[in-house]
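Taken together, the values in this text are just the output of simple stated rules run on the coordinates, not laboratory data. Please read all numbers here as calculations on a predicted model, not as lab measurements. Here the Cβ is made from the backbone with ideal geometry for all residues, glycine too, and neighbour counts use every protein chain on show.
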Amino acid sequence: MASVGMPEYLERRVAAQRGGRMDLRSFDRPGLAVVLADAIEADPGTARRTFQDLWQNGADDISGLTSVRRSIRKRLAAMAHVSRLETDRVLRSADGTTKFLWRLDDGLVIESVLIPDGDRLTLCMSTQVGCAMGCTFCLTGDMGLERHLTAAEIALQPLTVQRTLPPGRRISNLVLMGMGEPLHNLDALVVALRICLDDFGLKMSHRRITVSTVGLVPKMAELAAALPVNLAVSLNATTEEQRRAIMPITRRWSMAELLDACRTFPLPSGKRITFEMVLFAGFNDSLEDAERLRVLLTGIPAKVNLIPYNENPGRPSLRRPSDAVVRAYQDHLVRHGTSCSVRTTRGLDISAACGQLGRRVA
Ligand code: SAH
Ligand code: SF4
C-alpha cells in the first residue's frame with residue numbers, strides 16, 4: 001500500500017507495477033543483464049536474447065521470449081512482466097501527419113506524432129504527462145506536470161509506432177519534442193534512448209536523435225556525458241526580459257547561462273545546436289530581434305528554426321506573425337551567415353502541431 005504523503009504520481013507508478021513484478025522493458029541491455037543475473041543467475045547471452053526478443057522480435061509478454069529456454073521463461077513469469085502501450089486513438093491529418101494517443105496503465109493519456117517528410121520519417125515523442133515548466137504559450141504547460149514517463153513508456157512509443165508501418169518503412173528520426181521537458185526526466189530518458197540506440201534494440205543512429213530542452217542548464221552537460229545526441233534549445237526570445245515574460249525557467253537560469261552551456265556542449269561531429277524560436281506577432285518577430293539573435297549566437301555552432309506560433313484559443317493576446325514577417329526574419333539571419341529554416345506547420349487539423357499537445361483530441 002502507498003505510504004501516507006507519497007506524491008500522487010508515485011502512488012500511480014507503484015500501482016502500475018502490478019503486484020511488484022518488474023517490467024522487463026524498463027531496462028537498457030546492460031541494466032537487464034545485471035537484473036537477470038541477480039534474479040535468476042542468467043548469463044549475459046540470455047539477457048541479450050531477452051532484450052532482442054523484447055525490442056526486435058515482437059515479444060509482448062513473457063511467453064513471447066522464444067529465444068530463451070523455457071525454464072528461464074517459467075522463472076521470469078513468476079517475477080516479471082512486459083509492459084505495452086495501449087493505443088487509445090490514431091488520428092490522421094490531411095497532410096500525412098499521424099497522431100497516436102496512448103493510454104497508460106494508470107489511465108493517463110500521452111501522445112506521439114509521426115511526421116513524413118520526403119525520405120525522412122520523424123517521430124515526435126513525449127517524455128512526461130504534462131510539463132512543469134509553465135511556458136505561457138504552450139498547451140502542455142497548461143496541464144502542469146502529472147507525472148514523468150518511465151523509460152519503458154518512452155521507448156515503447158517508437159517501437160509501437162514502428163510496428164504499424166508497412167515492411168521496409170522505418171522511422172528514421174526521433175525528436176524529443178512532444179509532451180514534457182525531456183531533461184526534467186533525464187534518468188528515464190537516457191535509459192530509453194539507450195534502448196533506441198542499441199544494435200539489439202531499435203538500432204537508431206545517435207545522429208538522428210534530437211533532444212529539445214527549455215534550458216535546464218545543469219542537465220545539458222549530464223545528457224552530453226551520457227549520450228552523444230543532437231540538442232535543440234527552445235530559446236524563443238532575444239532579451240532576458242522578453243524570455244522571462246514567456247518562459248518562467250529564465251528566472252532559474254538566465255539566457256546568458258543557457259547560452260554559455262550551449263558554447264561548451266559537446267555535439268556529434270559536424271553537428272550544430274538547433275535554436276527553436278517560436279515567433280509571436282509584435283512580441284519577438286522584429287528585425288531588431290533577428291539581429292540580436294544573430295549576435296547572441298556568435299561563436300556557437302548554431303542553426304535557427306523559426307516556428308510561427310500556433311494560436312491557442314486560450315491565449316487571444318498571442319498571435320501568429322504573417323508569413324512575410326517570418327520570411328524577413330529568416331532573410332536577415334541568412335544574409336548575415338546564420339543558417340535558418342522555418343518549421344512548416346504540420347498536423348494542425350488534428351491538434352498535433354507544436355504546442356498543441358494538451359488534452360484535446362481534435
Ligand atoms: N519541453 C521541450 C520539448 C517540447 S518541444 C521544449 O520546450 O523544448 C515543444 C516545442 O514547441 C518548443 O520549441 C516550444 O517552444 C514549441 N511550442 C510550444 N508551444 C507552441 C505553440 N503554441 N506554437 C508553436 N510552437 C510552440
Ligand atoms: Fe514544457 Fe516545452 Fe511546453 Fe515549455 S514549451 S511548457 S518546456 S513542453
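Relative contact order (percent) for segment 109-176, with alpha-carbon contacts under 8 angstrom and 6 or more residues of separation? Walk me through the numbers before you get to the answer.
On the way: 92 pairs, mean separation 24.2, N = 68.
Across segment 109-176, relative contact order equals 36 percent.
Can you pull a Stokes-Einstein diffusion coefficient for the chain at 37 °C (0.692 mPa s), Rh from Kirkwood over Cα pairs, as a whole number of µm²/s? Display every interim value, and only then the final one.
Details: Rh = 21.5 Å.
After rounding, the answer is 153 µm²/s.
Taking only the alpha carbons of segment 129-258, what extent do you get along each of the three principal axes, in Å, biggest first?
Ordered largest first, segment 129-258 gives principal extents of 50, 29, 23 Å.
For the chain, what is the relative contact order in percent, using Cα pairs closer than 8 Å and at least 6 residues apart in sequence? Before the final figure, lay out the partial values.
On the way: 659 pairs, mean separation 48.9, N = 362.
For the chain, the relative contact order is 13 percent.
Once you measure Cβ to Cβ distances between cysteines in the chain, which Cys have no partner under 4.7 Å?
Cys124, Cys131, Cys196, Cys262, Cys340, Cys354
Quick one, can you get me the convex hull of the C-alpha atoms of segment 199-254 expressed as volume per residue in Å³?
Working: hull volume 5.1 nm³, N = 56.
Taking the convex hull of the Cα positions in segment 199-254, it is 91 Å³ per residue.
Whole angstrom only: what separates the Cα centroid of segment 323-362 from the Cα centroid of segment 106-129?
About 18 Å separates the Cα centre of segment 323-362 from the one of segment 106-129.
Which semi-axes, in whole Å and largest first, does the equivalent ellipsoid of segment 78-151 have when worked out from the alpha carbon gyration tensor as the square roots of 5 times its eigenvalues? Before the final figure, lay out the partial values.
On the way: eigenvalues 107, 81, 25 Å².
That gives 23, 20, 11 Å for the three semi-axes.
What nm distance separates the two modelled labels at Arg120 and Asn57, each placed 7 Å from Cα along Cα→Cβ?
The modelled label-to-label distance comes out at 3.4 nm.
Taking 7 Å along the Cα-to-C-beta vector as the label spot, tell me the Met22-Arg170 distance in nanometres, rounded to one decimal.
The modelled label-to-label distance comes out at 3.0 nm.
Which order do the peptides 204-215, 112-123, 307-318 take when ranked by the mean count of other beta-carbon atoms within 10 Å per residue, highest first? Spell out each step's value before the answer.
Numbers: 204-215: 20.5, 112-123: 17.4, 307-318: 15.5.
So the peptides 204-215, 112-123, 307-318, ranked by packing, come out 204-215, 112-123, 307-318.
Suppose R0 equals 56 Å; then what is the FRET efficiency for Asp38 and Val334 from their Cβ-Cβ distance, rounded to the nearest 0.05? Write out the running numbers ahead of the final one.
On the way: r = 56 Å, r/R0 = 1.00.
The value I calculate is 0.50.
With a 10 Å radius around each residue's Cβ, average the other Cβ atoms per peptide and rank 144-154, 78-88, 237-247, highest first. Walk me through the intermediate numbers first.
Working: 144-154: 22.6, 78-88: 16.0, 237-247: 17.7.
Answer by packing, highest mean first, reads 144-154, 237-247, 78-88.
For Cys340, which sequence-distant residues (separation of 5 or more, or a different chain) have an amide H within less than 5 Å of its own amide H, given hydrogens modelled in the peptide plane?
The answer is Val304.
If you place +1 on the Cβ of every Lys and Arg and -1 on the Cβ of every Asp and Glu, how big does the dipole about the Cα centre of the chain come out, in debye to the nearest 20? Show your work: numbers first, answer last.
On the way: 47 positive and 39 negative charges, 164 e Å.
The calculated dipole for the chain is roughly 780 debye.
Using θ = phi - 60° and the Karplus form 6.51 cos²θ - 1.76 cosθ + 1.60, what ³J(HN,Hα) does each residue of segment 54-61 get, whole Hz, x for Gly and Pro?
Calculated HN-Hα couplings, in order: 5, 10, 10, 9, x, 5, 10, 7 Hz.
Give me Rg/Rg_expected for segment 160-220, where Rg uses Cα atoms only and Rg_expected = 2.2 N^0.38 Å with N residues. Show your work: numbers first, answer last.
Details: Rg = 12.8 Å, N = 61, 2.2 N^0.38 = 10.5 Å.
That ratio works out to 1.22.
In segment 104-130, whose amide N lies under 14 Å from the spot 7 Å out along Cα-to-Cβ of Asp88? List them in ranges.
Those under the cut-off are 104-113, 126-130.
I'd like the FRET efficiency for Ser254 and Thr298, computed as 1/(1 + (r/R0)^6) with the beta carbon distance as r and R0 of 22 Å, rounded to 0.05.
Values: r = 18 Å, r/R0 = 0.80.
It comes to 0.80.
Show me, for segment 297-308, the HN-Hα J-couplings you get by feeding each phi into the Karplus relation (A = 6.51, B = -1.76, C = 1.60, θ = phi - 60°), rounded to Hz, glycine and proline as x.
8, 4, x, 10, x, 10, 10, 10, 10, 7, 10, x
Would you mind checking which residues have amide H under 5 Å from Leu279's amide H? H placed 1.01 Å from N; only 5 or more apart, or other chain.
Ile307, Tyr309
If the cut-off is 17 Å between C-alpha atoms, which aspartates and glutamates fall inside it for Lys219, apart from same-chain ones fewer than 8 positions away?
Candidates past the 8-residue exclusion: Glu181, Asp187, Glu257, Asp260.
Which value, in debye to the nearest 20, describes the size of the charge dipole of segment 193-320 about its Cα centre when Lys and Arg Cβ atoms bear +1, Asp and Glu Cβ atoms bear -1, and nothing else is charged? Intermediate results must be reported in sequence, preceding the final value.
Details: 18 positive and 13 negative charges, 53 e Å.
Charge dipole of segment 193-320: 260 debye, to the nearest 20.
If the chain between Asp187 and Glu222 were fully stretched, how many nm would it gain, using 0.36 nm times the residue separation less the Cα-Cα distance? Please report the intermediate quantities before stating the final value.
On the way: separation 35, 0.36 × 35 = 12.60 nm, distance 0.98 nm.
Stretched out fully, the Asp187 to Glu222 stretch lengthens by 11.6 nm.
Tell me, what ³J(HN,Hα) does each residue in segment 261-269 have, in order and in whole Hz, if you take phi through Karplus 6.51 cos²θ - 1.76 cosθ + 1.60 with θ = phi - 60° and put x for Gly and Pro?
Whole-Hz 3J(HN,Hα) from phi for segment 261-269: 5, 5, 4, 9, 6, x, 9, x, 4.
Given H placed on each backbone N at 1.01 Å, which residues far from Glu146 in sequence or on other chains put an amide H within less than 5 Å of it?
Excluding prolines and chain starts, which carry no amide H, the hits are Val129, Gly130, Cys131.
For segment 308-362, what Kirkwood radius comes out of the mean inverse Cα-Cα distance, in Å? Working shown, then result.
Values: mean 1/r = 0.0775 Å⁻¹.
One over the average 1/r among Cα pairs gives 12.9 Å for segment 308-362.
Using Cα positions and a limit of under 19 Å, work out the lysines in reach of Lys99, with same-chain residues fewer than 8 apart set aside.
Result set, ordered by chain and number: empty.
Just to confirm my numbers, what's the Cα centroid distance between segment 35-98 and segment 181-209 in Å?
That distance is 17 Å.
Compute from the Cα atoms of segment 20-152 the Rg and the Dmax, the latter being the longest Cα-Cα distance, and quote both in angstrom.
Cα only, segment 20-152: 18.1, 55 Å (Rg, Dmax).
Which of Phe280, Thr264, Leu297 sits farthest toward the positive end of the charge dipole of segment 230-297, with +1 on the Cβ of Lys and Arg and -1 on the Cβ of Asp and Glu?
Thr264
Sorted by packing (mean other beta-carbon atoms within 10 Å per residue), highest first, where do 23-31, 297-305 land?
On the way: 23-31: 20.3, 297-305: 16.6.
Result, highest mean Cβ count within 10 Å first: 23-31, 297-305.
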